[in-house]
1. At 1.4 Å probe size, with every protein chain present, just tell me what the per residue accessible area of the range 131-285 comes to in Å².
2. How large, in percent, is the carbon and sulfur part of the accessible surface of the range 176-285 at a probe radius of 1.4 Å?
3. Between 0 and 90 degrees, rounded to the nearest ten: what's the tilt of helix 144-156 against the longest Cα principal axis of the chain?
4. Report the dimensions of the chain along its three principal axes from the alpha-carbon atoms, largest first, rounded to Å.
5. Counting Lys +1, Arg +1, Asp -1, Glu -1, what net charge surrounds Gly172 among other residues with beta carbon under 13 Å of its beta carbon?
6. Would you mind telling me which residue in Arg257, Arg77, Arg210 has the biggest mean-square fluctuation in a Gaussian network model of the chain, where springs connect alpha carbons within a distance under 10 angstrom?
7. Let me spell out the model: positive unit charges on the Cβ of Lys and Arg, negative unit charges on the Cβ of Asp and Glu, origin at the Cα centre of the chain. What dipole size does that give, in debye rounded to 20?
8. Once both axes come from the Cα atoms, what is the angle between helix 66-77 and the longest principal axis of the chain, in degrees from 0 to 90, rounded to 10?
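The values are calculated or read from the model by the stated rules, or taken from the named source; none is laboratory data. Note that the structure is a prediction, hence the values are computed from the model and not measured. Quick reminder, even Gly has a Cβ in these numbers, built from the backbone with ideal geometry, and neighbours come from all protein chains shown. Note: areas computed on protein heavy atoms with side chains; ligands, DNA, RNA excluded. Shrake-Rupley method; radii C 1.70, N 1.55, O 1.52, S 1.80 Å.
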Amino acid sequence: MSEFLIVTGLSGAGRSTAADALEDMGWFVIDNLPPALIGKMTELVSRPGSETEKMALVVGRGGEGVDELLPAIELLRGSSERLRVLFLDAADEALVRRYEGTRRRHPVFGEGVGVLEGIARERSLLDPIKETADIVIDTTELNVHQLRERLVEFFTHDDPAAAMQVTVVSFGYKHGLPLDLDNVIDCRFLPNPHWVDELRPLTGLDEPVREYVLGQPETKEFLDKLDELFTLLLPLYVREGKSYLSIGVGCTGGHHRSVVLAEELARRIGENGFNPLVVHRDVNR
C-alpha cells in the first residue's frame, strides 16, 4: 500500500521548505501539482511494480484548484491508499512580513489587491481544505530550520501502525495562541515561579521549577483530572479516525508552569499507550 501526503496551506507559510524537508526524508515530492492530476498520479504510483512507497504532493498555491482538490482528497480517503493532509498556516502579520522581506508578489495579487487582501482571499479559499487536514502546523513563530525540525519530529516518529500521533505544546499566552491546536489547557491559575527570585531565570525543564510547580496541591488534582479526561478522549479520537492530535498547555510567558505541565501530561499520555511528542514553543523567549 502506497502512502500519500498532500501538502498545502497559505503562500508564505512554508510549503517549499516542507517539500525540501520531506524530500530529504525520502519522500518522492512533486511541487505545484495541479489538483486535477492528483488522481492520475496516485493511480500511476499504486500500480503493481511501482517503487514509490511515499509520495508528497504540494498543491493549492494561491488557492488554485480548491474545487478539484476537495473531491480528490475524498476519493483517496475512500480508497485503500493511506492519505494524510498537511496544512501550513501562519498569522497574517507574519505572512505580510515574509512577502515584504522577499519582495515577491502574492499569488492572489491583482489590480487594486494588496498583500493583506490577497492573504485574506487565499485563506478563505483554503479554509475548507484546512478543515479536512490531518495535521496543521502554525509557522508564525518558526524559522526555516525550526519548521524542518518540526517536520522531522512528525515524520521520523511517525509509525504507520500507530493509530494517532499526539503532540503536547507548551506556550505563553503573551506570545499568542498557536493556530494548530485541537485542545487548549490554561494553567495560569497555578502559582507562578516567575515571582520567586531564585526560580525566575530558570525554566520548567529545570528540577527546582518542576518541584515547585508539581509541589502545589492544586497541580496534582488538576493533572489527575486531565489524566481522566484524556484517558477518555484519546481512544474516542482514534475511533473517529483522527491521525494527529495537538494539545496546548499555556501559561503567561511559556517558561515555567506550562513547560512542567506539558512534560507531565505527555508522560501520563505515554502511560496510556501513545508516544507523544513534546514541543516547548516559547521556553527560550
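1. Here the per-residue accessible area is 49 Å².
2. Carbon and sulfur: 53 percent of the exposed surface of the range 176-285.
3. 90 degrees
4. For the chain, the Cα spread along each principal axis is 59, 48, 29 Å.
5. Cβ neighbours under 13 Å give a net charge of +2.
6. Arg77
7. Computed charge dipole of the chain: roughly 440 debye.
8. Compared with the principal axis, the helix lies near 70 degrees.
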